[in-house]
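Asks: I have a structure here, written as structure tokens, and I will follow up with some questions on it.
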Amino acid sequence: MRGQTAVSLILALVTGVHLAAAEPDVAKLAAGLASKSAEERMAAADALADLGPGAASAVPQLLAALGTNEVELRWRAARALGAVGDEKAVAALRKAAGDDSPLVRAQAIFAMGRLKTADEASLAAIVSHLTDKDAAVRQASVRAMGMIKADRKVTIPLVVKLLEDSDHAVAARALSAIAEAGEQAVPALIAALDNKEARYWACLALSEIGPKAKDAVPGLTKALADERPEVRLQAAVALAEIGPDAKPAVAELAKLVDDKSAPIRPVAVFALGRIGDKSAADAVAKAEKSSDSYLHMLSTWALARMHPEDKERQKQAVEHLVSKLGDKDRMTAHMAARAIAELEPPADIVRPAMEGVMKTADAETVDRVLTAFASLGARVVPLAINALQDPTPTRRERAMRVLAKIGPEAAPAAPHLVAIITNGDAASKAEALFVIAAIGPAAVEAVPAAAKALADADPQVRQAAGYALGKIGPPAKAAVPALQKLAASDDELIKLTGVWALLQIGPVTDDLTKMAVPVLTAALGSDKEMIRVEAAMSLGKLGKAAASALPALQKATSDASPAVREVAAEAVKQVKG
């Protein structure tokens, strides 16, 4: 006892806290949970959460708060109980996991994770919420399972049963949550492969996890022999996503190249191509002779993957894949783009093939080609960056169109786009600024160049610059003075651009609102769909302050454009409150 007293005294001296005052403070906070003031109740719950285990004496009051009809207090109480860490709260938290409010459910489940509640009833409650309609609750369930680290003999049957009992929509939500757990979820999914009812869903989840699911290869290989074609197909997809580590499955996958279910054949070939093992070359070569153009395309690619040393084969494969980029079937075009990226051919093979297609293609086909490349997201950005530096204007233009379609993932291209905004001609500057807009906040380094472009002699460049800065949002606050000048323009379109951008960057003041509402209301009559959409969205965000725009917004709910009708209807709700 004397030793403990001495330690306590030392701690008191070091921290400057009077020990006798600690308990009354907690008591005062606990009493604050029942205050008549909502603000004081919330503040008390937050303060108790901050105290953590030191607020143990307030558990009874926190449990009472968890049972009130006040959502804001319930979720704060659940959070505080998790921080305090008292096992007496488990039953109440388990009950709160079924609360009507997603916030309360998420905090209660996360609190159970912090308490490491490994009893079967609590684990069942946590696992059941892997299928919750709310994404935050599903994430809380995954995190709670990770913190508890319960015996897999308990959790695996719960997850398997969940997949067995779920309909498609519910199971899809569960799989999304399970896949987020990544490698940690693989043992449970391997066990699920042994269960007939859960096998299909397990294959889907394993394909989301990809290479880290390599331990599931034996189970997935067995699933290739399932009597249900949808299971065989998803098992092949999962093995394809695992890639070279799925080599033990090659012999069984090769059998599926002649599967009686036609949709399985190209998937089997794709998986064999991803794995890249030459032992399957004969089976794939046979498929290459197929009259099915999709199966032929994938077989050509797979054989090129299996024979990387054969340069002529690589060249022919790339030429064939490039010819498919403009296919009207989106899946074919996307797969062709992915196949090219996975072959990683040098520029001296890709460029001539691309140029050959582009020379003869019409505008619609060119757009399909660019869309197919853009569907690869971040993987194609380095290629587009190289094209931005190409002296040929058409290549730069195509690269920017691809980057704009990719959006935020194209952020690494921002410095190269800044160079075009700084030194390019008017058309190139405007195009580069629209790409910056598509990238959004991740392109914050473009703010100085875009702000400077607000004073460009070309009105299209000025409009594009304002649009880009608005899409970057609050990180573009350095451009506010320049945008204020734009908002004072006599040109209605330039003025609209400036006002709209200022609203996106903020802060939204009363003066800005008064200036913005009439400008945005007028913009609802623009002949450009994008302007009408942005105007309606902006008015909606202003809420009741945009009441004078209600007649125009209600009229816009009958707009010819479905996109305008949708945002206008939502804006009407927001303005009405």
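Asks: Considering only residues that are within 16 Å of residue 433 (Cα to Cα) and surrounded by 23 or more Cβ atoms within 10 Å (Cβ to Cβ), which ones fall in the stretch 472-499?
Replies: Once the filter is applied, which keeps residues that are within 16 Å of residue 433 (Cα to Cα) and surrounded by 23 or more Cβ atoms within 10 Å (Cβ to Cβ), the stretch 472-499 yields 472, 476, 479, 483, 497, 498.
Asks: Write out, first by first residue and then by second, each pair whose Cβ atoms fall under 7 Å of each other, whose residues are 6+ apart or on separate chains, and whose first residue, in the stretch 379-393, is without any contact (Cβ under 8 Å) to a residue 24 or more places away in the chain while the second is among the small types (Gly, Ala, Ser).
Replies: Filtered contacts from the stretch 379-393: 387/399.
Asks: Taking residue 416 as the residue in question, decide whether it is buried (at least 17 other Cβ atoms within 10 Å of the Cβ), modelled with pLDDT of 90 or more and of a type outside the set (Asp, Glu).
Replies: Taking the combined requirement at face value, the residue satisfies it.
Asks: Looking only at the stretch 321-337, which residues are in a helix (DSSP H, G or I) and either surrounded by 18 or more Cβ atoms within 10 Å (Cβ to Cβ) or β-branched (Val, Ile, Thr) (or both)?
Replies: Those that are in a helix (DSSP H, G or I) and either surrounded by 18 or more Cβ atoms within 10 Å (Cβ to Cβ) or β-branched (Val, Ile, Thr) (or both): 321, 322, 332, 333, 334, 335, 336, 337.
Asks: Also, I was wondering about something else. When the residues of the stretch 442-461 are narrowed to those that are closer than 22 Å to residue 382 by Cβ and of a type outside the set (Gly, Ala, Ser), which ends up surrounded by the fewest Cβ atoms within 10 Å (Cβ to Cβ)?
Replies: The residue in question is 445.
Asks: Across the stretch 71-95, what is the total count of residues that are part of a helix (DSSP H, G or I) and farther than 20 Å from residue 40 by Cβ?
Replies: Looking only at that region, the number is 10.
Asks: Could you tell me which residue of the stretch 416-456 is nearest to residue 393 (Cα to Cα), considering only residues that are touching a helix residue (DSSP H, G or I) at 6+ places or on another chain (Cβ under 8 Å) and in a loop (DSSP other than H, G, I, E, B)?
Replies: Out of the qualifying residues, it is 424.
Asks: Then there is this: Restricted to the stretch 71-86, and to residues that are under 18 Å from residue 102 (Cα atoms) and either among the aliphatic types (A, V, I, L, M) or without any contact (Cβ under 8 Å) to a residue 12 or more places away in the chain (or both), which residue is surrounded by the fewest Cβ atoms within 10 Å (Cβ to Cβ)?
Replies: Once the filter is applied, the top-ranked residue is 71.
Asks: Among the residues of the stretch 51-70, is any at pLDDT below 90, polar (S, T, N, Q) and exposed (fewer than 13 other Cβ atoms within 10 Å of the Cβ)?
Replies: Looking for residues that are at pLDDT below 90, polar (S, T, N, Q) and exposed (fewer than 13 other Cβ atoms within 10 Å of the Cβ), one finds none in the stretch 51-70, hence no.
Asks: Criterion first (surrounded by fewer than 20 Cβ atoms within 10 Å (Cβ to Cβ) and either acidic (Asp, Glu) or free of Cβ contacts under 8 Å to residues at least 60 places away in the same chain (or both)) does residue 424 satisfy it?
Replies: Yes.
Asks: Still on this structure, I have one more. Taking the residues in the stretch 518-530 that are surrounded by 21 or more Cβ atoms within 10 Å (Cβ to Cβ) and assigned to a helix (DSSP H, G or I) as candidates, determine which candidate is modelled with the highest pLDDT.
Replies: 520
Asks: Taking the conditions exactly as written (at pLDDT 90 or above and either of a type outside the set (Val, Ile, Thr) or assigned to a helix (DSSP H, G or I) (or both)), does residue 12 satisfy them or not?
Replies: For residue 12, the condition - at pLDDT 90 or above and either of a type outside the set (Val, Ile, Thr) or assigned to a helix (DSSP H, G or I) (or both) - is not met.
Asks: Could you please give the count of residues in the stretch 42-68 that are touching a residue at least 24 places away in the same chain (Cβ under 8 Å) and in a loop (DSSP other than H, G, I, E, B)?
Replies: Within the stretch 42-68, residues that are touching a residue at least 24 places away in the same chain (Cβ under 8 Å) and in a loop (DSSP other than H, G, I, E, B) number 1.
Asks: Specify the residue that is nearest to the chain's Cα centre (by Cα); the eligible residues are those in the stretch 55-108 that are within 13 Å of residue 125 (Cβ to Cβ) and basic (Lys, Arg).
Replies: Across the stretch 55-108, the extreme among qualifying residues is 105.
Asks: Within 23 Å of residue 48 (Cβ to Cβ) and surrounded by fewer than 23 Cβ atoms within 10 Å (Cβ to Cβ) - does that describe any residue in the stretch 124-134?
Replies: No, the conditions are met nowhere in the stretch 124-134.
Asks: For the stretch 517-535, indicate whether the set of residues that are within 15 Å of residue 447 (Cβ to Cβ), in contact with a Leu (Cβ under 9 Å, 6 or more places away or on another chain), without any contact (Cβ under 8 Å) to a residue 60 or more places away in the chain and among the polar types (S, T, N, Q) is non-empty.
Replies: no
Asks: Of the residues that make up the stretch 96-106, is at least one assigned to a helix (DSSP H, G or I), closer than 16 Å to residue 147 by Cα and in contact (Cβ under 8 Å) with a residue 12 or more places away in the chain?
Replies: Within the stretch 96-106, one or more residues are assigned to a helix (DSSP H, G or I), closer than 16 Å to residue 147 by Cα and in contact (Cβ under 8 Å) with a residue 12 or more places away in the chain.
The values are calculated or read from the model by the stated rules, or taken from the named source; none is laboratory data. As the structure is a computational prediction, the values presented were derived from the model and not from experiment. Positions of Cβ are generated from backbone atoms using ideal geometry, with glycine treated the same way; all protein chains shown enter the neighbour counts.
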